[in-house]
1. Along Cα→Cβ, 7 Å out, is where each label goes; now give me the distance between the ones at Ala478 and Asn139 in nm to one decimal.
2. Once amide H atoms are placed 1.01 Å from N in the peptide plane, what residues at a sequence separation of 5 or more from Gln463, or on another chain, have their amide H within under 5 Å of its amide H?
3. Quote the FRET efficiency, to the nearest 0.05, computed for Glu452 versus Ala166 with a Förster distance R0 of 60 Å and r equal to the Cβ-Cβ distance.
4. With a ≥ b ≥ c taken as the square roots of the eigenvalues of the C-alpha gyration tensor of region 193-417, please select rounded if a/c is under 1.5 and otherwise prolate if a/b is larger than b/c or oblate if it is not?
5. Can you work out ³J(HN,Hα) from phi for every residue in region 111-123, in order, using Karplus 6.51 cos²θ - 1.76 cosθ + 1.60 and θ = phi - 60°, giving whole Hz and x for Gly and Pro?
6. From the phi of every residue in region 507-524, what ³J(HN,Hα) in whole Hz does the Karplus formula 6.51 cos²θ - 1.76 cosθ + 1.60 yield, where θ is phi - 60° and glycine or proline is x?
7. Show the residues, 5+ positions off or on another chain, whose built amide H is closer than 5 Å to the amide H of Gly420.
8. Would you mind ranking Thr74, Thr249, Thr394, Thr325 by Cβ crowding within 10 Å, fewest neighbours first?
Amino acid sequence: MAAMPATAPTVDPFLDQVLARHGADASALVQILRDAQARDGWLPPATITYLAARLGVPRARVEGVAGFYAFLYTSPAGRYRVLFADNVVERMAGSEALRERLCTSLWIERGKVSEDGLVSVDTTSCTGMSDQPPSLLVNGRAIAGLDERRVDEIAELVREQVPLDAWPAALFAIDDNVRRRDVLLASDLAPGEALRASIARGQDEALERAGNERSWRERMPALPQGPALTLEEIKHSNLRGRGGAGFMTGLKWEACRTAPGPVRHVVCNADEGEPGTFKDRVLLARHADLVIEGMTVCAYVVGASSGFLYLRAEYEHLLPGLRETLARRRGAGLLGARIAGVPGFDFDIAIHVGAGAYVCGEESALIESLEGKRGIPRNRPPYPVTHGYRQQPTVVNNVETFCAAALVAARGGDWFRSIGTPRSAGTKVLSVAGDCARPGLYEYPFGVTVREVLADCGARDPQAVQVSGPSGICIGAAEFDRRLGFEDLPTAGAFTIFDGSRDMFEVARGYAHFFAHESCGFCTPCRVGTTLLCNAMDKVAEGKGSRHDLARIERLNRLLQASSHCGLGHTACNPVLDTMKRFRPAYERRLCSTQFEPAFDLDGALARARAMTGRDDAGAHLLDESPGAAEAERAR
């Protein structure tokens with residue numbers, strides 16, 4: 001620990017209470033900064049200096065963390081901080097006009113604080129309310145279903161300086177919009193049922209081995225068979241992670257269980273940040289017991305003693321319900337020491353609230369944030385299952401995966417794998433948004449076609465569907481008979497519909513700006529590449545583009561795929577490439593000239609330099625970016 005400064009800062013009782021609440025532990029720095037910000041609405045330099053001194057860490061570290069997260073403010077942001085959700089779905093619903101209406105009403109410019117320091121109005125990427133847009137956050141509290149009347153009401157409340165807790169409760173009402181239930185959303189699993197089933201597997205095994213003459217307490221040493229047998233059920237079920245990549249859940253748990261070291265952790269990734277996704281919001285609000293049950297079953301299997309639920313900052317309104325669920329389960333003996341009466345089964349869960357960073361949805365960046373650092377994805381390997389939180393074995397699964405795991409533990413692997421398809425067992429919860437009559441949550445067995453979902457949600461004249469958010473795949477009408485599943489269309493859950501009136505070029509341009517905004521800036525290919533992508537799309541939008549620019553975008557994608565540090569950069573070009581492939585006319589009608597060729601030959605201009613250095617290999621030449629060259633390279 002670094003030495004305290006020679007002259008300690010003046011005692012600050014408020015900040016001392018914040019530090020005490022988190023054990024004055026620098027690994028809780030993100031939570032400490034969130035709580036410290038509550039006093040002034042931002043983090044003044046004196047606050048950062050004080051916290052750094054008390055935590056015994058360099059001030060640069062505290063300031064670096066504070067500057068990384070969008071919802072931590074190092075300059076005044078106003079007593080009322082209004083953030084309109086700004087993504088494709090929200091703009092389709094009219095968010096831009098409503099934002100301008102509020103700015104005009106409050107005599108304020110977007111992105112700036114009013115002269116009296118009362119209010120600021122700006123944007124954030126997604127609030128998790130795409131089923132009821134437009135939406136916004138006021139000091140972190142969500143308001144959905146905006147219209148002109150509601151915006152005018154908000155403006156009046158701000159002008160009158162009404163405390164947020166005194167605003168009409170109806171403003172903060174949020175609908176679940178569950179449209180179709182299957183085994184998960186219709187689950188009636190009682191709290192502790194999956195745990196008791198897991199423990200019973202071990203007891204039955206112990207009975208078979210030891211006979212009935214010994215007491216239950218005497219048979220307890222044989223109970224390690226319970227975790228092993230439950231792990232076998234998870235593996236047998238073919239349950240795959242519901243985050244989109246689809247890694248086998250049982251294999252992940254087994255790798256953590258067998259990793260060296262005495263301490264293990266379980267982390268629930270509730271940082272869903274893909275625009276158009278909101279399923280975790282409803283699962284955490286209405287099925288919190290099932291989520292916590294799945295985490296506890298995982299802890300039983302892998303031998304974990306601590307757990308974290310990483311909740312995205314936009315879902316802070318769910319905190320009271322989640323805390324009540326944890327307290328109730330502790331009181332029922334389903335969390336804490338000797339869970340369900342099993343000696344040595346000690347496991348508890350802490351809630352860690354994020355501070356606004358899309359990249360923290362990546363599991364290693366999430367772990368960095370849990371440790372009080374900037375959410376920069378780690379180099380892998382090693383993987384979190386062996387070197388996760390505090391470099392100890394850690395399982396990270398998302399909300400829906402833990403729900404499904406609880407169902408498997410209670411009802412068995414055979415039951416689960418009987419649902420869905422051979423390679424995609426179980427069901428999938430879809431966040432359906434965009435141009436349809438009934439947006440909301442739809443749960444289907446894997447194998448459902450896109451066309452079936454479109455019919456169920458009342459989509460009229462659909463021309464495209466963005467599956468799994470901007471990092472997923474955009475398909476056109478000719479592909480609506482494709483099936484959702486790991487065999488065909490894997491998905492993390494977002495299902496965004498665009499009807500025939502939508503300009504797919506503008507859809508892709510919006511997603512390109514999203515990736516540029518959310519890049520963590522760690523690696524040059526992503527930091528620069530996503531900006532170059534935006535510049536190219538903006539150039540085409542202004543009518544100044546050519547086929548040469550489209551070829552540059554394809555080259556940029558290859559660079560991002562090969563060189564980016566994490567998945568954000570790898571997938572940043574996906575929406576543009578998919579729409580270029582399927583909706584090419586939307587691009588070409590904007591081009592200044594479809595035949596334009598650059599007049600200046602940069603590679604030729606470097607011929608003298610090659611001659612001087614004696615190099616003429618491929619690495620000494622620039623890649624020809626002309627459309628003909630790009631087509632030749634693809635053919636090769």
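No value in this document is a laboratory result; all are computed from the given coordinates. Remember, predicted model here, so these are calculated numbers, not experimental data. When we count neighbours, we look across all protein chains shown, and the Cβ atoms used for this are built from the backbone with ideal geometry, even at glycine.
1. With each label placed 7 Å out from Cα toward Cβ, I get 5.4 nm.
2. The list, which skips near neighbours in sequence, is Phe498, Asp499, Gly500.
3. On the way: r = 46 Å, r/R0 = 0.77.
Given R0 = 60 Å and the Cβ-Cβ separation, E is 0.85.
4. Working: a/c = 1.78, a/b = 1.61, b/c = 1.11.
Verdict is prolate for region 193-417.
5. So the Karplus estimates, Gly and Pro as x, are x, 10, 8, 4, 4, 8, x, 7, 8, 10, 10, 8, 10 Hz.
6. 4, 5, 5, x, 5, 4, 5, 4, 5, 5, 5, 8, 4, 6, x, 5, 9, 5
7. It is Gly426, Phe446, by chain and number.
8. On the way: Thr74 16, Thr249 26, Thr394 29, Thr325 19.
The fewest-first ordering by Cβ neighbours comes to Thr74, Thr325, Thr249, Thr394.
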